Amino acid sequence: MSKCKILTIVCLCNAIVFMQWPNATAAGAADFTQANSTRSDSTRSDSTQANSMQTDSAQIFKRIPVDTAPDKLNMDAVYNRPFLTAGVLPVAIGGYVEANTNYRQTNGISEGTSFQARRFTLFVSSTIASRIKLLTELEFEDGTREINLEFAAVDFEFHPLLNLRGGILMNPIGAFNQNHDGPKWDFIDRPLSATTLLPATLSNVGFGLHGKHYQHNWVLGYEAYLTNGFDDKIISNTLNRTSLPEGKMNPARFEENASGLPMYTAKFAVRHRQIGELGLSVMSGVYNKWKSDGIVLDKKRSVTALALDFNTTMLSGDLYITGEVAKIFIDVPDTYSQTFGSEQLGGFVDIIGTVFKGSIFDWENARLNLGVRLEYVDYNQGTFNETNGNIADDLWSIMPTFAFRPTATTVLRLNYRYQHQRDLLGNPPAKTGAIQFGISTYF
Amino acid sequence: MNTTFTIPHVTSNVIAMFCAAILLIGCDAILPSAPNDADVLDGPVDALSSAQHAQFLRGDVAFNDDVFTAATGLGPIFVATSCGSCHAGDGKGHPFTTLTRFGQGDENGNAYLDRGGPQLQNRALPGYTPEQIPGGAPFTKLTPPANTGLGFMELVSDADIIAMSDENDADGDGVSGVPNWRPLVSYLSAHQNSIPTNEQYIHRFGKKAAAYNLLHQTVNAYNQDIGITSIFEPKDVYSGVNIEPEVSASVIHDVVFYLQTLKVPVERNPNDEAVKNGKRLFIQIGCDNCHKQTLKTAYSPVAALRNKEFHPYTDLLLHDMGKGLDDGYTEGSAKTYEWRTPALWGLGLSQNSQGGEYFLLHDGRAKSITSAIVMHGGEAAMSTQKFQALTEAEKRDILKFLEQL
């Protein structure tokens with residue numbers, strides 16, 4: 001397509017959006033951005049406070065806070081964020097920023113202290129027309145080393161149980177992938193099972209349906225999408241292990257599907273207002289380039305991930321527990337190396353307790369939280385053909401945290417990690433200790 | 001400022017304790033310290049210059065971290081994806097990293113070079129078929145040895161090696177020992193102190209002592225183990241034709257330098273009485289007729305390696321080890337029943353790289369030090385018998401000595 005044609009189309013699209021403006025209302029935008037935190041109870045957003053902090057600019061901008069109703073699911077997280085909207089404009093913007101210090105030592109060796117600008121993320125949402133909404137999430141990682149369009153999808157709402165979503169969307173595998181905003185978590189590092197096993201943030205181009213049903217204390221939700229999938233870097237990478245994150249490195253996947261076959265991701269979640277949420281998800285597709293120019297090169301090789309996630313709040317909101325377990329099956333050729341495992345398992349659980357809540361300085365609803373994250377990942381489940389002995393390539397980590405939340409949407413965190421990681425053969429582990437301090441806030 | 005900062009006592013104590021705990025930077029439990037230097041095999045020799053350290057580090061990265069993929073030339077048939085995956089922590093390997101060689105049943109060369117010999121590439125990229133041992137071909141399995149202190153062994157002069165050899169057992173101790181004599185491959189140039197005979201040169205690395213020096217071993221390893229070609233060995237193991245280098249000559253030189261300057265393992269408990277007694281018995285029953293305690297290096301441009309005495313417990317010679325250890329396969333001028341005496345330094349650290357177990361002897365068949373000793377035959381039969389005749393306490397002392405090497 002010529003540049004000229006593309007420009008014309010872009011202009012036309014813009015014109016259409018502009019034409020919609022007068023029809024759209026700020027309330028519509030607010031509706032759309034009805035944010036919820038799955039961690040609603042723990043992040044405990046405080047809308048009054050968020051609003052009051054904005055009073056100076058409120059003449060022009062209005063803050064749409066996070067919705068704290070206890071009937072939101074993890075799958076709502078992308079929309080459930082604080083947004084700023086201006087007047088009657090149907091566009092709302094938001095974002096978050098994260099920065100931290102990092103000191104890490106493994107078996108006595110440290111590269112010293114680093115300051116890290118891990119993420120700066122911008123969201124823009126817009127109500128294109130009644131029942132048609134758009135949300136985008138643009139993320140800058142490590143300064144501008146990596147720039148990712150993590151989400152850019154349009155939703156058509158036919159019925160609460162039937163919404164069509166298309167564009168760049170986040171595959172609903174596990175809970176963290178869709179609910180990953182830094183300020184929601186009391187830990188600086190993302191969970192290892194969600195980033196090195198399941199590859200958060202995983203977004204792909206695709207289409208699908210989602211919907212929700214409410215009944216008494218229950219909320220049921222589902223999502224089902226067809227998207228592009230992974231490529232064979234899953235088993236052909238310099239990490240020397242099976243890795244879904246490696247299989248999503250190719251930026252061309254937003255334009256071309258490596259296997260030519262759609263990957264499907266489906267999630268079913270149920271939440272009881274008093275008990276908590278349980279999610280079950282599955283993602284499966286072919287990852288290898290099995291055919292090229294019409295010639296079959298290899299058999300179709302699949303990757304399938306299963307995940308179970310849960311979260312619950314107890315002690316009238318002072319104790320929050322969340323976690324996720326993932327199991328991955330990869331069809332690795334028998335004649336390839338067992339260095340690349342065909343099964344992986346991992347998970348984490350976060351336990352966060354509030355030890356103080358009340359007024360600190362001018363923050364009326366500040367909280368001090370203490371918590372711990374327990375993690376385990378086995379990158380290669382199985383036994384060696386040669387010995388029948390266990391293939392190790394695993395790690396566990398324990399990470400206490402101390403977090404100060406002046407408001408629900410801002411957090412200062414002090415973390416310590418202690419971790420043991422073993423190689424393939426199960427030799428004495430690499431022992432790591434890490435100390436981090438960081439901030440993360442929505443804006 | 002109008003503050004209402006009132007944290008209850010208990011809570012503030014908890015927080016204070018938490019912070020104090022975290023601020024204990026430097027405390028071992030919090031930030032794990034390095035294991036004792038003597039307990040690990042990797043690391044450079046002392047007294048390298050900055051430039052030499054930099055080259056060591058480049059070699060370290062290439063050896064341990066450079067993992068080959070289809071995109072960077074892996075295979076298409078191969079045994080492993082990096083040096084480090086077979087030589088974990090520069091220590092001995094495991095049955096998973098054991099490789100198979102086939103096709104040579106006597107000293108007259110490999111008869112199966114046109115059918116994939118000498119090395120079996122038993123793994124393959126998706127879409128390719130790995131090799132299989134042709135029916136009837138003799139073969140052996142070889143477990144990776146440790147890589148420490150090899151730079152010192154490379155510098156032992158041919159004269160010293162010849163002096164240890166006793167081809168006709170003139171001293172009547174039942175132990176002879178011969179070098180592996182082979183012609184040099186074309187890309188190697190002879191060391192200054194080489195003493196060739198009829199254009200045959202003493203080779204010393206590998207279980208059959210079939211590699212001349214560390215460059216020879218490294219070039220072969222890239223080519224045969226990983227399927228990576230170089231200007232030295234441009235032949236692709238799969239297609240059999242010469243292709244472009246997939247690893248640069250400078251990376252190969254860095255890796256060779258890394259191997260040359262890896263430190264030597266040291267005795268960890270030499271002053272213990274049982275250890276001292278074990279060492280005395282080790283010499284007394286003739287183990288050190290082959291496992292020679294002390295060798296010395298000749299000239300090297302690297303000061304840290306030049307004219308040094310070191311204690312590897314090997315004579316770098318081939319010995320008849322008897323029927324039990326004869327796999328029917330060989331390399332160079334070695335007989336099928338001959339193996340090069342392995343260095344015993346670092347023996348006690350084997351389990352740290354073998355996944356918590358022992359896999360000793362050339363193919364890892366011995367699951368303990370004692371069974372490795374008992375499996376010695378041939379020239380070592382006499383010293384094995386003497387070992388068997390020792391009291392339990394004496395055997396224990398020998399093991400204590402070996403385990404602290």
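Results for (1) within 14 Å of another protein chain (Cβ to nearest Cβ); (2) closer than 26 Å to A:Asp334 by Cα; (3) over 19 Å from the mean Cα position of the chain (by Cα), shown as yes or no for each residue.
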residue	(1), (2), (3)
B:Thr72	yes, yes, yes
B:Cys83	yes, yes, no
B:His87	yes, yes, no
B:Asp90	yes, no, no
B:Asp114	no, yes, yes
B:Gly136	no, yes, yes
B:Phe139	no, yes, yes
B:Ala146	yes, no, no
B:Phe152	no, no, no
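For region A:160-171, the criterion of being surrounded by 16 or more Cβ atoms within 10 Å (Cβ to Cβ) and in a loop (DSSP other than H, G, I, E, B) is satisfied by at least one residue. Scanning region B:180-206 for residues that are in contact with a Phe, Trp or Tyr (Cβ under 6 Å, 6 or more places away or on another chain) and either in a loop (DSSP other than H, G, I, E, B) or hydrophobic (A, V, I, L, M, F, W, C) (or both) yields B:Leu184, B:Tyr187, B:Leu188, B:Ser194. A:Pro400 meets each of the listed conditions (1) out of contact with any Pro (no Cβ under 6 Å at 6 or more places or on another chain); (2) assigned to a strand (DSSP E or B); (3) buried (at least 20 other Cβ atoms within 10 Å of the Cβ) apart from (3).
Kindly provide the set of residues from region A:223-267 that are within 14 Å of chain B (Cβ to nearest Cβ), of a type in the set (D, E, K, R) and within 22 Å of the chain's Cα centre (by Cα), ordered by number. Within region A:223-267, A:Asp231, A:Lys233, A:Glu246 qualify. Report yes if B:Gly355 is surrounded by 17 or more Cβ atoms within 10 Å (Cβ to Cβ), touching a strand residue (DSSP E or B) at 6+ places or on another chain (Cβ under 9 Å) and closer than 22 Å to B:Val266 by Cα, otherwise no. Answer is yes for this residue. Being under 27 Å from A:Thr432 (Cα atoms), part of a strand (DSSP E or B) and within 9 Å of chain B (Cβ to nearest Cβ) is a description that does not apply to A:Phe356.
Of the candidates A:Val332, A:Val296, the single residue that is modelled with pLDDT under 95 and either within 14 Å of chain B (Cβ to nearest Cβ) or crowded, with 18+ Cβ neighbours inside 10 Å (or both) is A:Val296. Taking the condition of a type in the set (Gly, Ala, Ser) and either within 12 Å of chain B (Cβ to nearest Cβ) or outside any strand (DSSP E or B) (or both), does A:Ser316 pass? Yes, satisfied. For region B:272-290, state whether one or more residues are surrounded by fewer than 17 Cβ atoms within 10 Å (Cβ to Cβ), touching a residue at least 40 places away in the same chain (Cβ under 8 Å) and within 23 Å of B:Glu154 (Cα to Cα). No, there is no match, as no residue in region B:272-290 is surrounded by fewer than 17 Cβ atoms within 10 Å (Cβ to Cβ), touching a residue at least 40 places away in the same chain (Cβ under 8 Å) and within 23 Å of B:Glu154 (Cα to Cα). Restricted to region A:365-389, and to residues there that are among the charged types (D, E, K, R) and buried (at least 16 other Cβ atoms within 10 Å of the Cβ), the residue that is farthest from the other protein chains (Cβ to nearest Cβ) is A:Glu375. Among the residues in region A:105-119, are any away from chain B (no Cβ under 14 Å), surrounded by fewer than 18 Cβ atoms within 10 Å (Cβ to Cβ), touching a residue at least 12 places away in the same chain (Cβ under 8 Å) and within 22 Å of the chain's Cα centre (by Cα)? Yes, region A:105-119 has at least one match.
Give B:Asp158, B:Asp166 a once-over and let me know the one that is closer than 20 Å to B:Thr294 by Cα and more than 22 Å from the chain's Cα centre (by Cα). From the options B:Asp158, B:Asp166, the qualifying one is B:Asp166. Looking across A:Asn240, A:Asn179, one residue alone is farther than 30 Å from A:Glu157 by Cβ and assigned to a loop (DSSP other than H, G, I, E, B). It is A:Asn240. Restricting the search to region A:417-443, which residues are within 9 Å of chain B (Cβ to nearest Cβ), part of a strand (DSSP E or B) and crowded, with 21+ Cβ neighbours inside 10 Å? Correct list: A:Gly433, A:Ala434. Screening region B:54-70 for residues that are of a type in the set (Phe, Trp, Tyr) and assigned to a helix (DSSP H, G or I) and picking the one that is nearest to the other protein chains (Cβ to nearest Cβ) gives B:Phe63. For A:Phe356, state whether it is touching a Cys at 6+ places or on another chain (Cβ under 8 Å), more than 30 Å from A:Asp232 (Cα to Cα) and in contact (Cβ under 8 Å) with a residue 12 or more places away in the chain. So A:Phe356 fails the test. Pairs are defined by a Cβ separation below 9 Å, a sequence spacing of at least 6 or placement on different chains, a first member in region A:146-170 that is without any contact (Cβ under 8 Å) to a residue 12 or more places away in the chain, and a second member that is part of a strand (DSSP E or B); the pairs so defined are A:Glu146/A:Glu139; A:Glu146/A:Phe140; A:Ile147/A:Leu138; A:Ile147/A:Glu139; A:Ile147/A:Phe140; A:Ile147/A:Glu141. Just one of the numbered conditions (1) crowded, with 22+ Cβ neighbours inside 10 Å; (2) more than 30 Å from B:Asp326 (Cβ to Cβ) is not true of B:Ala80: (2).
The values are calculated or read from the model by the stated rules, or taken from the named source; none is laboratory data. What you see is a predicted model, and the numbers here were worked out from it, not measured in a lab. Note that each Cβ is placed from the backbone with ideal geometry, even for glycine, and that neighbours are counted across all protein chains shown.
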